[in-house]
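Worksheet: the structure to be examined is printed underneath.
Here, each number is a calculation from the coordinates, and none is a lab measurement. All values reported here derive from a predicted model rather than from experimental measurement. All Cβ positions, glycine included, derive from the backbone under ideal geometry; neighbour counts span all protein chains shown.
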Amino acid sequence: MGFTRRARLPASSAPTVMRVKVVDASAIAALLFGEPEAEAIARRLGDARLVAPALLRFELANVCLIKARRHPDQEPELTAAFRLRDRLAVKEVAVDHDGMLELAATTGLTAYDASYLWLAQKLGAELITLDKQLAKAEAASSQSRGSI
């Protein structure tokens, strides 16, 4: 009975674990509509697998609608940009609405924003947002989890 040595796979063919990041509407809108923060958001996303609550599409549609109302001459371009959302391959994930509501109550966030934070906490994932209040709530919740 001989010992057979297994060949080592080159590093490039070893399986990779893709990080998951939760993205909110502000971050995706920056990418779709070419906002000044788009490059910074793209760098933060890297090659991560993107997830968001199912409300993301509604929020993006609302951003597009507001932009089109403010700039009616740009409506065709804005609508075309909105239609590119599926190319970002953001997976929609169900949120525990009871848990989200409790989180909204304790953080002062809207239910919409709390759904992104709840999902990030549930998955242990980084939350990518341009929303200052949401980012502040995430930082505070990360600190409180780290001190336990």
What is the spin-label model distance, in nm, from Leu88 to Leu55 if the labels are put 7 Å beyond Cα along the C-beta direction?
-> 1.6 nm
Simple SL model, points at 7 angstrom along Cα→Cβ for Lys132 and Ala48; separation in nm is 2.2 nm
Under 16 Å from the Cα of Lys91 - lysines, other chains or at least 8 residues apart = Lys21, Lys122
Would you calculate the separation in nanometres between label points at Ala40 and Thr106, each defined as 7 Å from the Cα along the Cα-to-beta-carbon direction?
-> 2.9 nm
